[in-house]
Each structure stands twice: as structure tokens, then as C-alpha cells.
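The structure appears below as C-alpha cells.
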Amino acid sequence: MAQISSDIVPYLPEDIEREIFQLTAAVYPDAATQLLQVATRIRSWIEPITHEVVIYHRTKVVPPQLSLESFARNAKYIRHLLIGGPDRNANKDLISRLPLCSHLVDLAIWTGDVRGVLEYLEDLRLQRLSISFRTLFGPGRNRFTKEEGLLPVFSDITHLEVITPCYWADECEGFTQLPQLTHLSIMPESGSDTTGYCLAECKNLKVLAVAEEIDPEGWALYGSCQAVPSSPHQDPRAVYFRLNCIDDWETHARGGRGMWARAEEDVLEQLKEVERIEAKARG
């Protein structure tokens, strides 16, 4: 049998080689950082995958090699983005580049350093948003008006999480104008009427996650994301939750069982219980 020369270098067509590297990066995200160091052509294949989910937070940075340059270079590939880092200027720089993120559908801004970011969102088609009113609209703002709810930037929002307290129902009127809103998370102040108002007036609402405040400065660090099995206002669409935490947000961004998925499960169980009670009452 003829022997194969040791001088022959194994060869794969480029499209197959690219698919192997991209699949490896997608299935093993932790390995992506090492793959980026292999060669320039491989970096161009892998970077878009590593930037589908981007986190700049004081406790976590994803991808680990994130920089303003790599963010801008891969902005069109970003679909899920969380901003809440320790560097105020970096937060501002990332937010100013949001118009580059043409395929962004999921945005969380968890920082009090930046206020009035609405202008940077106007050309995006967001579906999920986690933010405070002040960060969204500017200093001194703690309300969402009906007129603002009609703005095109909110027309595709299905999941909205407000990460600072909602004190009174008239501060939440904008929620009622969001045509696609099905999932809402608020932090009502004790004794306020916001929970009942949202349940009554948000016509397409399927899930209302009533968040419990953990720490006014550390909600993204300490939120346990555990459901409390009780329903405010005896409405099966509502569940109590700890505030969304960073690992939970990332799990949901990557298609896992995050806060919203667990809330849906709890609502489904509560709906079944209502049906059982009604069936029993009918005899």
C-alpha cells in the first residue's frame, strides 16, 4: 500500500471550514475567545456570532474582548444588548452607537448615568426593552404619557420592563398605547393603583410581572428572579417576581428559560386554577 507523504497538508474548502468554526463558536461560546486568536479570516467569521448577545456591565462583559471598535464593527449583528457598565463615558459611547445596531430587538439599559436616550432608539425596531423612565425620557421624568406611547419606536414592543418604581396610574398611561405589548414588568409603590390600572387598561396584556425591589443600587446584582406563587388583584395574568438579574437576562437572550418564560408558566398554572374553580362552581 502506498504511504501518504507527511508533507501533505490537510485541506478543507473555505465554506466548510467557516461552517465548522461558526458552529463551534455558537455551541461553545466560551471557546470563541480562543478561536478569535487563530487567524484574521477566522476572526471575521466568529466575531458576528460572539456579538449577537452583548453585555457591558460592572459584573460581566460579553464577549470578553468587547471594545468600542469591535462594537461598532459588529453592530449590525447585535440582537440583544445590555448596557450598565462601571465607566460612565463607556456607557454613553455605547448608547451613542445604538443607531448602528440595525438588527437590535432586545435592549436593557441598567445605569443611572445616562438620561434621555430616546433619540438614539428612534430608528430601531425593538421588541424587548428594560429601562427606567428617566433614562428613556430625561432628568426629572417619572411618567410615560399616552402621546409618547404612540411614538413609532414603541410600535413593536412586546416585552417592557420598567426598572424604577411606578407611583401612580397616570404615570403609566403610555403602556395602554403600545399595540403589541403582551408582557409588562413594573415595580409599583406600596399603596399605588398602577397594578390594577395596567391589568384593566392594557388590552393585549398576557403577563404582568410585579417586581419586588431588592436594592435601589444593586437590583441587577442581587435579583433572585424567583417567582412568588401569588397573584395580586386575583388576576391570573399577574405574578410577583424579583427584579430581573443579569444572568437571567442573558439566559432569556440566548433562548433559555428566563424570567419571562417562568412568568408565563406561572400564569398558565393560575389560569388552569381559575378554570378548575369555575368548573367546580358550575357543578
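The values are calculated or read from the model by the stated rules, or taken from the named source; none is laboratory data. Only a predicted model underlies this, so the values are computations on that prediction, with no experimental measurement involved. Ideal geometry is used to build each Cβ from the backbone, glycine not excepted, and the neighbour counts take in all protein chains shown.
Is it the case that residue 100 is at negative phi, assigned by TED's automatic domain parsing to the domain that holds residue 118 and either touching a residue at least 60 places away in the same chain (Cβ under 8 Å) or of a type in the set (Gly, Ala, Ser) (or both)? So residue 100 fails the test. The residues of region 83-100 that are in contact with a Phe, Trp or Tyr (Cβ under 7 Å, 6 or more places away or on another chain) and closer than 15 Å to residue 121 by Cβ, listed by number, are 83, 94, 95, 96, 97, 98, 99. Could you please let me know if residue 154 is crowded, with 18+ Cβ neighbours inside 10 Å and either within 25 Å of residue 190 (Cβ to Cβ) or not assigned by TED's automatic domain parsing to the domain that holds residue 189 (or both)? Here the answer is no, as residue 154 does not meet what is asked.
Quick check on my filter: what residues within region 17-59 are modelled with pLDDT of 85 or more and surrounded by 16 or more Cβ atoms within 10 Å (Cβ to Cβ)? Across region 17-59, the qualifying residues are 51, 52, 53, 54, 55, 56, 57. The residues of region 124-143 that are in a loop (DSSP other than H, G, I, E, B) and at pLDDT below 95, listed by number, are 132, 138, 139, 140, 141, 142, 143.
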